[in-house]
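So the structure is just underneath, and the comments pick up after that.
The values are calculated or read from the model by the stated rules, or taken from the named source; none is laboratory data. Quantities reported herein were computed from a predicted structural model and do not represent experimental measurements. Cβ coordinates were reconstructed from backbone atoms using ideal geometry, including for glycine residues, and neighbour counts include every protein chain displayed. Side chains included, ligands, DNA and RNA excluded: accessible areas come from the protein's heavy atoms. Shrake-Rupley method; radii C 1.70, N 1.55, O 1.52, S 1.80 Å.
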Amino acid sequence: MPLEILLVLVVGGIAGITLLLHLTGKSRLSVLTPDVARSEWLRHAPDDTIIDVTVARDAHSALIRTDNGSGLLWSFGADTVARPLQDFDLLEHPQGLEVQFHDFGTPKAIIRLDDLERRHWQHLMEPA
C-alpha cells in the first residue's frame, strides 16, 4: 500500500473517532454532585472514610476530606482524577486556584472558583 494512502487512512480514522466521541458526548467534562464526588473518590481510594465533600459551583472539582487527610477530585473529560493533598503548592490563578503537585504524573490542576469560593477552599486546603 502506498504511504500516501496509508497516511490518509490513519488521519481519517483518528479524525473520525474524535468526531464520533464528541458527537456521543464523551468529550464533555463530568459533572460532580456531592454524591457523585463521594463515589468517584471511593473508586480511586476505596479504603478512605469520607468526612466531608465540598463541590465547586462549576461542578467540575471537589475537595474531599477523609480520615487520611484532604484530597482533590476534578473532572478530566468524561472521567475524574483524584489526588491526596500532600506535597503540593497552592497558587492564585485568574480563574481560581492552581494546585501544583510535586509529582510528575500530575503536575498541576486548575480549580475554577469565584472569589468567595477561593477564600473558603484556601482555608480548607491549609495544612493542619
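Put simply, the amide H of Gly96, placed in the peptide plane, has neighbours under 5 Å in Leu113, leaving out anything fewer than 5 places away on its chain.
Each peptide among 10-18, 32-40 gets the average number of other Cβ atoms lying within 10 Å of its residues, and from highest to lowest they stand as 32-40, 10-18.
Amide H contacts of Leu85: Ser70, Gly71, Leu72, each under 5 Å away and 5 or more positions distant or on a separate chain (H built 1.01 Å from N in the peptide plane; Pro and chain starts excluded). Taking only protein heavy atoms and a 1.4 Å probe, the accessible area of segment 37-102 is 47% carbon and sulfur.
The Cα center of segment 28-59 and the Cα center of segment 88-128 differ in position by 17 Å. Computed from point charges on the beta carbon alone (+1 for Lys and Arg, -1 for Asp and Glu), the dipole magnitude for segment 12-128 about its Cα centre is near 460 Debye.
Computed with a 1.4 Å probe over protein heavy atoms only, the accessible surface of the chain comes to 65 Å² per residue. Packing, as the average of other Cβ atoms within 10 Å across residues, places the peptides 101-109, 118-126 in the order 118-126, 101-109, highest first. Each label point was placed 7 Å from the Cα along the Cα-to-Cβ direction; for Thr18 and Asp67 their separation is 4.7 nm. For the chain, hydrophobic long helices are taken as DSSP H runs at least 18 Å long by C-alpha position along their axis with mean Kyte-Doolittle hydropathy of 1.6 or more; these are 3-23. Residue farthest toward the positive end of the dipole of segment 54-128, with Cβ of Lys/Arg at +1 and Asp/Glu at -1: which of Gln100, Ile110, Leu73? Working it through, the farthest residue towards the positive pole turns out to be Leu73.
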